[in-house]
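Report on one structure; see the data block that follows.
Any read-out appearing in this document is the output of simple, stated calculations on the displayed coordinates, not a laboratory observation. Nothing here was measured: the structure is a model prediction, and the numbers come from that model. Cβ placement follows ideal geometry from the backbone for every residue including glycine, while neighbour counts extend to all protein chains displayed.
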Amino acid sequence: MSLAALLIFSSAGLAGTNQWTTTGPNGGDVTSLAVSPSFASDHILFAGTSGGGVFGNTLSGADTTPPTVTNVKPTGTISTTSATLSADYTDNAGGSGINSSSATLTVSGDTVGTCTKTTTSISCPVTGLSQRTHTISGSVSDNAGNTASTSGSFTVALARNYFWTWYDNVCMKNWVLLAKPGGAAVTCQIKIAGSVVSSGPLGPGQRITPTFPGKMGGPVAVSATGNVFASRRVLLQRLL
């Protein structure tokens, strides 16, 4: 049987650890060497001899320890639809080193294509995240083929309450801006100095810019029954 044929049908049981184990017959000079097709995981080296023997040796000095992955981010709740996914990783002392090109991150099952990868970390910007809990999965391998994986999660929840210290539509022009990017309709309420000045529904994809002429006071409180974007616009004007 040729050495190549034996490699196809061989198993780890044919090789001793740090010693040559023969399948017979014995004797002869070593004429060829080959590694196992699964060398990255079984670390078996084969030697063929002129006498027809084939010997196997499991190399115990090979790197069999996967890297360690830590600091998967983001975590908890974020109030934006954009984020940077990231993770850190290290190889074991004396290991074969990190294969940075093997590092990947996915968000809710989708692989993130644009990432910055180094031998110690990976970071991937993402946009357009929906309001829900997202899972992060990641993996990285070392140069010996050992792979480590990790997972985490975070939740996107836009703010429901906003506050400003002052509203002036006497000496200035002042608008409140409200927007609902998606999901179900909500009810929004605007208070100035504790008094309700506006209340009503806001549908998905809708944007409103209410203004209250002659109104001055504070604080301004915007609340909603669901997640919304809120801001304000102020235009200074010269008093005549």
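Taking label points 7 Å from Cα along the Cα-to-Cβ direction, residue 92 and residue 80 give a separation of 3.9 nm. The stretch between residue 135 and residue 31, if pulled fully straight at 0.36 nm per residue, gains 32.1 nm over its current Cα-Cα span.
Between residue 65 and residue 177, the contour length at 0.36 nm per residue exceeds the Cα-Cα span by 34.8 nm. The simple spin-label model puts a point 7 Å past each Cα toward its Cβ; for residue 206 and residue 147 those points are separated by 4.9 nm. Listed by chain and number, the lysines whose C-alpha is less than 24 Å from the C-alpha of residue 73, apart from same-chain residues fewer than 8 away, are 117. Remark: relative contact order (segment 68-156) = 37 percent; criterion is Cα-Cα distance under 8 angstrom and separation of 6 or more residues. Suppose R0 equals 45 Å; then what is the FRET efficiency for residue 233 and residue 100 from their Cβ-Cβ distance, rounded to the nearest 0.05? After rounding, the FRET efficiency stands at 0.50. Straight-line cross-link partners of residue 191 among the lysines, defined as a Cα under 21 Å from its Cα and at least 8 positions apart when in the same chain: 173, 180, 215. A simple packing score, the average count of other Cβ atoms within 10 Å per residue, orders the peptides 87-93, 183-189, 76-82 as 87-93, 183-189, 76-82, with the highest score first. Near residue 211, once Lys and Arg are set to +1 and Asp and Glu to -1 for all other residues with Cβ below 11 Å from its Cβ, the sum equals +4.
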